[in-house]
Amino acid sequence: MSATPSQSAPRPARAGAGQARRPRGEGQWALGHREPLNPNERTKKDDDGLNVRARIETIYAHGGFASIDPADLRGRMRWYGLYTQRKPGIDGGRTAILEPHELDDEYFMLRVRVDGGQLSPEQLRVVADISTRYARDTADITDRQNIQYHWIRIEDVPAIWQALESVGLQTTEACGDTPRVVLGSPVAGISKDEVLDASPAIDAIVARYIGDKAYSNLPRKFKTTISWLPDVPYEANDVAFLGVDHPEHGPGFDLWVGGGLSTNPMLAKRLGVWVPLDEVPEVWAGVVGIFRDYGYRRLRHRARLKFLVADWGVERFREVLEGEYLQRKLIDGPAPELPAEPLDHIGVHEQRDGRYYVGVAAVAGRVSGSVLTRVAELADAHGSGRVRLTPYQKLLILDVPKEEVNGLVNGLREIDLQAEPSQWRRGTMACTGIEYCKLAIVETKARAADLVAHLERTLGDLDTSFTINVNGCPNACARTQVADIGLKGQLVPGPDGDMVEGFQVHLGGGLAMAKGQEGGFGRKVRGLKTTAEELPAYVERVARSYLAGRTEGE
Ligand code: SF4
């Protein structure tokens, strides 16, 4: 870092009671605010999150749950994808009331990063085997192309790491204030529509920077997408590289920064630069460097990169990136062109090599180790064995010869992975929710499944896409604000006046995934809430009124 942050000087202090107050600043390291200003920053300063691995291997895995230092348990273990899961039976009304240790179960959620969503046959088998052996057959496909297990015992973590690492997978920086899994196009390298495969940039970033202590203490989490196609939610990430053809320089990537949902949602903004494939890792590291050095560390809820981008604006962000981090100018670039239709890759599609890929939907990403074992067998029998995860909680099986497609589709249907799902199943996602998540207020996965079944039963299928994102709390892990119907879990008054599980409804949000679309957040109309019990009937009413009122071609 080379920071002479003259342009970032704190605002003058307001005088109060005749005395000039010292400006508190936002906790930006580059401005000299190195003293931790909140407990999370203190924990990170006391010891780097990456150091917890040695303690897990040498102490905690032998001493068991009770031997874990609380600062590691609720802080640093995230640097390896480990969160304690919620104690069963604690309702959402008590989420905010109980102390963290009262919510902790002695089991963990473990997140495996699958950068770019790409799994080789060996990797898929190991992922499935860990689920059945150590995770009570749980395995969710997340909307960030991760695999998430539950019921993990600390005693088993070293053996799980060994199994994952034997096939090139890891949990390093899967959570925590770090660069999380890098999202990539699920059809990178095989799509007929792709001009440039971004996978080498993703691989280089993971190899060079993940696990590097220069980037392991960020103000908060940092999310990335790198993809030629707009089949990843690029506008909702801290940094995004999206494919664009430059009239003089050829294929490369358009750089976006400062997207993020949760509270104060913001869409990423274009910096207006064109980055060639081989420079993506360096530019990515520059953006992460800005976040590390200038990101706000005083208040956790203002610590994401989006707040800095909002305050600075894109011009200044670009200047600092070029001047302080890259020491060179970037090339101006055009905006990417979006395809005619949004791409979710469900169904049967021809690859550029003449073989096919098959995209299938489980409900809201819920599969299991047993299901993944069967997927591995089917992918081997009918294709090359390669599989991809999508950031919409779906799964693709690659490299299938034409004559094998039907056999594969039928085999997948037997394990309830559908290549021709209803639009309801196809467009529904759900976060982890109260079943395991300590921050949750409501249940999500089972509700999503009930909702899909209800809509299929009452409305049949739709002739257009329709997205429903079910979230268990305001954190928006399943992207509440960018769905046709976004649901944010909260307690709402029930029929007899008692508070019960329910949802705040956001209507009409979406990301720009195709020509003519503009990213925007759903409207959160005051009073637009439903109890969880009423949810299926409520969504049915919204859908019916949309269908009745839509204009031709809508
Ligand atoms: Fe947990 Fe809330 Fe995220 Fe859902 S949105 S996984 S309930 S933190």
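The values are calculated or read from the model by the stated rules, or taken from the named source; none is laboratory data. All values reported here derive from a predicted model rather than from experimental measurement. No Cβ is skipped: glycine too gets one built from the backbone with ideal geometry, and neighbour counts run over all protein chains shown. These area figures cover heavy atoms from the full protein model, side chains too; ligands, DNA and RNA do not enter into them. Shrake-Rupley method; radii C 1.70, N 1.55, O 1.52, S 1.80 Å.
Step by step: first the residues of region 439-466, then only those that are within 16 Å of the ligand (Cβ to nearest atom) and open to solvent by 30 Å² or more (accessible area, probe 1.4 Å), then the one that is nearest to T84 (Cα to Cα). Which residue is that?
If we take residues in region 439-466 being within 16 Å of the ligand (Cβ to nearest atom) and open to solvent by 30 Å² or more (accessible area, probe 1.4 Å), then L439 is nearest to T84 (Cα to Cα).
Quick check on L82: is it closer than 22 Å to R113 by Cβ, touching a strand residue (DSSP E or B) at 6+ places or on another chain (Cβ under 7 Å) and hydrophobic (A, V, I, L, M, F, W, C)? Let's see the steps before the verdict.
Working: closer than 22 Å to R113 by Cβ: yes; touching a strand residue (DSSP E or B) at 6+ places or on another chain (Cβ under 7 Å): yes; hydrophobic (A, V, I, L, M, F, W, C): yes.
For L82, the condition - closer than 22 Å to R113 by Cβ, touching a strand residue (DSSP E or B) at 6+ places or on another chain (Cβ under 7 Å) and hydrophobic (A, V, I, L, M, F, W, C) - is met.
Can you find a residue that is surrounded by fewer than 22 Cβ atoms within 10 Å (Cβ to Cβ) and either of a type in the set (D, E) or modelled with pLDDT of 95 or more (or both) anywhere in region 176-188?
Here is the first cut: in region 176-188, the residues surrounded by fewer than 22 Cβ atoms within 10 Å (Cβ to Cβ) are none.
No - not one qualifying residue is present in region 176-188.
Would you be able to tell me the number of residues in region 470-507 that are more than 16 Å from the ligand (Cβ to nearest atom), within 22 Å of R94 (Cβ to Cβ) and open to solvent by 30 Å² or more (accessible area, probe 1.4 Å)?
Residues flagged as more than 16 Å from the ligand (Cβ to nearest atom), within 22 Å of R94 (Cβ to Cβ) and open to solvent by 30 Å² or more (accessible area, probe 1.4 Å) within region 470-507 amount to 7.
Determine the pairs where a residue that is under 14 Å from H345 (Cα atoms) and part of a strand (DSSP E or B), located within region 412-434, has a partner that is away from the ligand (no atom under 16 Å from the Cβ) and aliphatic (A, V, I, L, M) with Cβ atoms under 8 Å apart, the partner being 6 or more residues away or on another chain.
From region 412-434, the pairs are Q418/V360; Q418/A361; Q418/L412.
Pick from region 508-546 the residues that are among the polar types (S, T, N, Q) and farther than 18 Å from F466 by Cα: which of them is least open to solvent (accessible area, probe 1.4 Å)?
T530
So M109 passes all but one of these: (1) over 30 Å from A379 (Cα atoms); (2) in a strand (DSSP E or B); (3) not aromatic (F, W, Y). Which condition number does it fail?
(1) is the only condition that M109 fails.
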